[in-house]
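Heads up: the structure comes next, in structure tokens.
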Amino acid sequence: QVQLVESGGGLVQAGDSLRLSCAASERTFSIPTMAWFRQAPGKEREFVAAIASAITYSGSSTYYADSVKGRFTISRDNAKNAAYLQMNSLKPEDTAVYYCAARNYFGTYYDAPSAYNYWGQGTQVTVSS
């Protein structure tokens, strides 16, 4: 089974930047889809960004939530099965536990937590005003 480990969270001020990393234990093949979700206190788990190992049927390999588009950038290293989330211009409302997720197929529902079968333990991101 694929194991995911996140790192890079911390306490920052509004306007600052953070880079989150997700390391996957799988090394024999490229995981088709990797993603980032976040969950703030009292809220449901929320989609942040997703990236495929290749161009998908939609014509794009990356997808973003409207709330982070233009500020966050997702990337990956297919050979290492690692995913990254560069977060710029952070806002207090970005405060949450950020989770790395993965699934072994391409397709729809990239923004649904239920569509992913592998999850990391989460890393806390706190943005002060």
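The values are calculated or read from the model by the stated rules, or taken from the named source; none is laboratory data. Predicted, not measured: the structure shown is a model, and the values here were computed from it. Note: ideal-geometry Cβ built from the backbone for every residue, glycine included; neighbour counts use all protein chains shown. These area figures cover heavy atoms from the full protein model, side chains too; ligands, DNA and RNA do not enter into them. Shrake-Rupley method; radii C 1.70, N 1.55, O 1.52, S 1.80 Å.
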Per residue solvent-accessible surface (Å²) - the stretch 5-129, probe of 1.4 Å: 50
Where GluC sites (Glu not before Pro) fall in DSSP loop in the stretch 39-120, at most 16 other Cβ within 10 Å: Glu44
Sulfur and carbon atoms: percent of accessible area, the stretch 51-123 [1.4 Å]: 52
Nearby lysines by direct alpha-carbon distance to Lys80 (threshold 27 angstrom, same-chain neighbours under 8 apart not counted): Lys69
Interchain or long-range residues, amide H under 5 Å from Asp16's placed H: Leu90
Solvent-accessible area of Leu11 with every protein chain in place, 1.4 Å probe, in Å² to the nearest 10: 130
Reduced Cα scattering model of the stretch 69-116, Debye log10 I(q)/I(0), q = 0.19, 0.23, 0.33 Å⁻¹: -0.83, -1.10, -1.25
Neighbour cut-off at most 12 other Cβ (10 Å), DSSP loop, trypsin sites (Lys or Arg not before Pro), the stretch 1-43: Arg27, Lys43
All Cα pairs of the chain, percent lying beyond 27 Å: 13
Partner aspartates and glutamates for Lys91 [C-alpha distance under 20 Å; skip if fewer than 8 residues away on the same chain]: Asp16, Glu44, Glu46, Asp66
